[in-house]
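Participant: Here it is, the structure in full.
The values are calculated or read from the model by the stated rules, or taken from the named source; none is laboratory data. In this text, all values refer to a predicted model and were calculated from it rather than measured experimentally. Every residue, glycine among them, receives a Cβ derived from its backbone with ideal geometry; neighbour counts consider all protein chains shown.
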Amino acid sequence: MSTDALLLSLRAAIVQGDPEAAERLATDIVAAGIDPLRAIDEALRPGITEVGEGFASGDCFLPDLVISAQAMKGATAILEKEIARAGGTQKRRLGRVVLGTVEGDLHDIGKTIVGTLLSAHGFEVVDLGVNVPRDVFVAAVRDYRPDILGMSSLLTLTAKELRKVTEALSEAGLRDSVKVMIGGGAVTKEFAASIGADGFAHDAELGVRVAKRLLASEGSS
Amino acid sequence: MPLAGHTCKKPCDGLTQEEVERICRGALEVLAEAGMVVAHPKALALLQEAGCGVDQAAQRVRFPRDLVQWAIAQSPETFQQQARNPDLTLNWGGATVYFGAFPGFTSLDLATGERRVSTVEDLARLSRLCDAMPEVHTICQPTPHLSDKPPEVVMEWVLATTFRNTEKTTMGAAFGGCSKWVVEMCTVLGQQVHGSICMASPLTVPVDQAQGVLDYAGAGHPLHLLSGPMRGASGPATMAGTLVLQTAEILGGHVLGQLVRPGNGAIYVGYATPMDMRLGTMASGSIDVGIMGAASGQIARYLGMPSAVFFPMTDAKLPDAQASYERHLQALLCAQAGVNHIMALGGLENEGAFSPEQMVIDNEVCGMIGKVLEGIRVDDERLAVDLIKEVGPIPGNYLGKEHTRRHWKEDYFLPKVSVREGYDAWLAGGSKGVLERAAEIASRLMATHQVAPLSPEVDRELDRILAAVEAEKLGTGGSSHVN
């Protein structure tokens, strides 16, 4: 396949949500000596943007979006590995978000949807999973240096954990380095304000808007 | 391919077989001993010739049981009604469930909320809205009211306007002697109507309705034989008694139709309602209307006829919560009973008024009812045992699985009107309730939905027929109003 055909096929694999094809094409692109940054810019990003726009307009749905995000994730890993091997620097995305559901809470789906939508909008997402202890959050903020830490708690019982993580971030001297946004059924606007969170949203689409707003304010400060 | 509609695989029967038989035996006894008034000389002659006892002076006809049985045996259990677009042809009978809309004779203006008798232009707009609704499989005409046409010629204008604004099949009424003109229009258009014949309860076939049987059956259009006793007033107060009367009236019309054209398609149409004994009003939204509608479907099946009900209805004056619970309970009951045609979508106020918002909401609910009829598909792929094992416990999930993407649409119903977003997103979207959302959809469709126009020749033919109607009924040279 020509360079153009490879890039178009990779983009199509993202749009159609075909993780196997996406990884295979990313490998072919590396083998063909095509600049991996170009593949990210011309295939992955426009592909996932198209899916995200389709989701926003109601033409495609969460399962499509999640599978496209999986395809993007697999292809991205292969391309970034090549960038690192060649000694290049990875291009900074729109912003980096570390996500997780707090300790004691096993609710995964809402947080996963938020993560998927954020990646579809160009964020780099590090998903720590569910039942995440506060020291793991603190370590992730230290190691990944995200722009935003997103935490979810569906249960009122575990909402207090959100406060404890922000306190732990302060104790570690990391609180000012990151915007904290929270969401989930147990969270209210008042609660978010009471723990000094920078942002709060009840659903994934609002979450993306809040994340973009937080980045803009970060840029301007 | 004819319109698929929905399929009721397992009708929910409310009556036992013995109860259905007793109702039908009662109807035959009523027809044999009390008989019916048939106010039409030619119809009387046909019935007399076939062996009915006829009192010419009283126009009273008594139907021998074997003649009624003959008529039942003649008529087909299933048949087609041709649309001019073959994809919209109806397959009447069997397990098929169709919905029909009734763009009523008064309409609620979307912009102002004003309730007014429709004009030709209103009816054109409402017919286009019904045309745009996927759950409207066929369209029924209202009884004759148009504010901008003389009463004598309204029915013909209603039909011509509907033909011009939908490719879907329509009902053909018989009021005011319109049936011969509707038949002529159908010949020009190359399509069939279901000829609606409305019995007057108790036990009377008015002259225009008898003429409708002669015209529609004579030209091979299926008959839509409707009986609507008002319980406690023009029918017995009891549901069982009114089912006897309703069945007798329908079978009386059926005999006449089969004499005109043996083997012609005929549909059993239930329209019985109770009278509210506090007010003297027709209580059309009553839950027993739905129970009677379901029973009508079962009786028709026993008689080997397709069934229809002039339901769902409501007594509500606005598209409100009452309109919804009355209409949608009735529609669900009738659909689950396997009634082949549930016909009065979009109506309020005993179907006296048509609301565009209600139409859009009914369309959505009928989609949900279709989902109810579909039921649950159980096979290896859908049982998903292997998938459940693969995903395992948390943090496994199903959102990113190909199986989800492959199957979720077939087992979900995605509403267009219902509010589904979270509270904050709903607030951000303007806090719109279901009525505002339905009104927006209706306005957009009425402004933008296109219906394939009639050819100029056919359109001119409709004008010619309308001019002939006006010349005959009004003694004028015809109207210049073309829509």
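Participant: Condition (residue is closer than 30 Å to residue A:51 by Cβ and away from chain B (no Cβ under 12 Å)) applied to segment A:154-168: is it met by at least one residue?
Facilitator: yes
Participant: Any chance segment B:320-331 includes a residue that's in a strand (DSSP E or B) and among the aromatic types (Phe, Trp, Tyr)?
Facilitator: Restricting attention to segment B:320-331, the residues satisfying the condition of being in a strand (DSSP E or B) are none.
No, because not a single residue in segment B:320-331 is in a strand (DSSP E or B) and among the aromatic types (Phe, Trp, Tyr).
Participant: Something else: Just one of A:79, A:94, A:99, A:65 is out of contact with any Lys or Arg (no Cβ under 9 Å at 6 or more places or on another chain), touching a residue at least 40 places away in the same chain (Cβ under 8 Å) and under 30 Å from residue A:131 (Cβ atoms); which is it? Before you say what the answer is, go through the steps one by one.
Facilitator: Details: A:79 fails: under 30 Å from residue A:131 (Cβ atoms); A:94 fails: out of contact with any Lys or Arg (no Cβ under 9 Å at 6 or more places or on another chain); A:99 fails: out of contact with any Lys or Arg (no Cβ under 9 Å at 6 or more places or on another chain).
That would be A:65, the only listed residue that is out of contact with any Lys or Arg (no Cβ under 9 Å at 6 or more places or on another chain), touching a residue at least 40 places away in the same chain (Cβ under 8 Å) and under 30 Å from residue A:131 (Cβ atoms).
Participant: May I pose another question? So which residues in segment A:94-107 are more than 9 Å from every other protein chain (Cβ to nearest Cβ) and in a loop (DSSP other than H, G, I, E, B)?
Facilitator: Within segment A:94-107, A:94, A:103, A:104, A:105 qualify.
Participant: Further question on the same structure: May I ask you to list the residues in segment A:71-93 that are crowded, with 22+ Cβ neighbours inside 10 Å and within 14 Å of another protein chain (Cβ to nearest Cβ)?
Facilitator: Scanning segment A:71-93 gives A:71, A:72.
Participant: Just to verify a result, which residue in segment B:410-432, among those that are of a type in the set (D, E, K, R) and either touching a residue at least 40 places away in the same chain (Cβ under 8 Å) or within 8 Å of chain A (Cβ to nearest Cβ) (or both), is nearest to residue B:358 (Cα to Cα)? Walk me through it before giving the result.
Facilitator: Here is the first cut: in segment B:410-432, the ones of a type in the set (D, E, K, R) are B:410-411, B:416, B:420-421, B:424, B:432.
When the remaining residues are screened for being either touching a residue at least 40 places away in the same chain (Cβ under 8 Å) or within 8 Å of chain A (Cβ to nearest Cβ) (or both), the result is B:416, B:421, B:424.
Numbers: B:416: 14, B:421: 22, B:424: 27 Å.
Ranking the candidates gives B:416 first.
Participant: Working only within segment A:133-176, note down all residues that are among the basic types (Lys, Arg) and within 11 Å of residue A:103 (Cα to Cα). Steps first, please.
Facilitator: Restricting attention to segment A:133-176, the residues satisfying the condition of being among the basic types (Lys, Arg) are A:134, A:142, A:145, A:160, A:163-164, A:175.
Hits for segment A:133-176 are A:134, A:160, A:164.
Participant: For segment B:450-483, give me each residue that is buried (at least 16 other Cβ atoms within 10 Å of the Cβ), modelled with pLDDT of 95 or more and outside any helix (DSSP H, G or I).
Facilitator: Scanning segment B:450-483 gives a single hit, B:454.
Participant: Still on this structure, I have one more. Please give the number of the condition residue B:379 fails out of (1) more than 14 Å from every other protein chain (Cβ to nearest Cβ); (2) closer than 30 Å to residue B:113 by Cα; (3) surrounded by fewer than 16 Cβ atoms within 10 Å (Cβ to Cβ).
Facilitator: Of (1) more than 14 Å from every other protein chain (Cβ to nearest Cβ); (2) closer than 30 Å to residue B:113 by Cα; (3) surrounded by fewer than 16 Cβ atoms within 10 Å (Cβ to Cβ), only one is false for residue B:379: (2).
Participant: Counting only residues that are within 30 Å of residue B:11 (Cβ to Cβ), give me the strands (runs of 3 or more DSSP E) lying completely in segment B:36-152 with at least 1 of them.
Facilitator: Working: elements: B:36-38, B:53-55, B:60-62, B:79-81, B:90-92, B:96-101, B:106-108, B:115-117.
Of the strands (runs of 3 or more DSSP E) lying wholly inside segment B:36-152, those with at least 1 residues that are within 30 Å of residue B:11 (Cβ to Cβ) span B:36-38, B:79-81, B:90-92, B:96-101.
Participant: What residue, among those in segment B:79-105 that are farther than 27 Å from residue B:365 by Cβ and polar (S, T, N, Q), is surrounded by the fewest Cβ atoms within 10 Å (Cβ to Cβ)? Full working, then the answer.
Facilitator: Step one: filter segment B:79-105 for residues farther than 27 Å from residue B:365 by Cβ, giving B:79-80, B:82, B:84, B:86.
Within this subset, residues satisfying the condition of being polar (S, T, N, Q) are B:80, B:82.
On the way: B:80: 16, B:82: 18.
Ranking the qualifying residues of segment B:79-105, first place goes to B:80.
Yes/no per residue for (1) of a type in the set (Asp, Glu); (2) modelled with pLDDT under 95; (3) under 30 Å from residue B:472 (Cα atoms):
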| residue | (1), (2), (3) |
| --- | --- |
| B:184 | yes, no, yes |
| B:200 | no, no, yes |
| B:237 | no, no, no |
| B:240 | no, no, no |
| B:247 | no, no, no |
| B:253 | no, no, yes |
| B:257 | no, no, yes |
| B:260 | no, no, yes |
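Participant: Just give me the residues in segment B:272-300 being closer than 29 Å to residue B:51 by Cβ and in contact (Cβ under 8 Å) with a residue 60 or more places away in the chain, in sequence order.
Facilitator: Residue satisfying the conditions is B:299 alone.
Participant: Can you tell me which residues in segment B:382-405 are part of a helix (DSSP H, G or I) and either within 45 Å of the chain's Cα centre (by Cα) or away from chain A (no Cβ under 14 Å) (or both)?
Facilitator: Here is the first cut: in segment B:382-405, the residues part of a helix (DSSP H, G or I) are B:382-383, B:385-391, B:402-405.
Correct list: B:382, B:383, B:385, B:386, B:387, B:388, B:389, B:390, B:402, B:403, B:404, B:405.
Participant: Has segment B:341-354 got any residue that is away from chain A (no Cβ under 14 Å) and either without any contact (Cβ under 8 Å) to a residue 24 or more places away in the chain or within 30 Å of residue A:66 (Cα to Cα) (or both)? Break it down stepwise before answering.
Facilitator: First, pick out the residues of segment B:341-354 that are away from chain A (no Cβ under 14 Å): B:341-354.
Filter once more, keeping what is either without any contact (Cβ under 8 Å) to a residue 24 or more places away in the chain or within 30 Å of residue A:66 (Cα to Cα) (or both): none.
No, segment B:341-354 contains no residue that is away from chain A (no Cβ under 14 Å) and either without any contact (Cβ under 8 Å) to a residue 24 or more places away in the chain or within 30 Å of residue A:66 (Cα to Cα) (or both).
Participant: Just give me the residues in segment A:50-70 being of a type outside the set (D, E, K, R), assigned to a helix (DSSP H, G or I) and facing chain B (nearest Cβ under 10 Å), in sequence order.
Facilitator: Going through segment A:50-70, the residues of a type outside the set (D, E, K, R) turn out to be A:51-52, A:54-58, A:60-63, A:65-70.
If we keep only those that are assigned to a helix (DSSP H, G or I) too, we end up with A:51-52, A:54-56, A:62-63, A:65-70.
Result: A:62, A:63, A:65, A:66, A:67, A:68, A:69, A:70.
Participant: Let me ask something else about it. Restricting the search to segment A:129-153, which residues are within 14 Å of another protein chain (Cβ to nearest Cβ) and either crowded, with 22+ Cβ neighbours inside 10 Å or in a helix (DSSP H, G or I) (or both)?
Facilitator: Within segment A:129-153, the subset within 14 Å of another protein chain (Cβ to nearest Cβ) is A:129-132, A:152.
A:132, A:152 - these are the residues of segment A:129-153 that are within 14 Å of another protein chain (Cβ to nearest Cβ) and either crowded, with 22+ Cβ neighbours inside 10 Å or in a helix (DSSP H, G or I) (or both).
Participant: Turning to a different aspect of this structure: For segment A:108-125, indicate whether the set of residues that are outside any helix (DSSP H, G or I), within 14 Å of chain B (Cβ to nearest Cβ), under 15 Å from the mean Cα position of the chain (by Cα) and of a type in the set (Gly, Ala, Ser) is non-empty.
Facilitator: no
Participant: Are any residues in segment B:420-442 farther than 19 Å from residue B:366 by Cβ and crowded, with 16+ Cβ neighbours inside 10 Å, and if so, which ones? Even if it seems obvious, please write down each step before you answer.
Facilitator: Going residue by residue through segment B:420-442, those that are farther than 19 Å from residue B:366 by Cβ are B:421-433, B:436, B:440.
Selection gives B:425 alone.
Participant: Checking the condition small (Gly, Ala, Ser), in a helix (DSSP H, G or I) and in contact with a strand residue (DSSP E or B) (Cβ under 7 Å, 6 or more places away or on another chain), which residue from A:168, A:192 passes? Reasoning before the result, please.
Facilitator: On the way: A:168 fails: in contact with a strand residue (DSSP E or B) (Cβ under 7 Å, 6 or more places away or on another chain).
None of the others qualify; the one that does is A:192.
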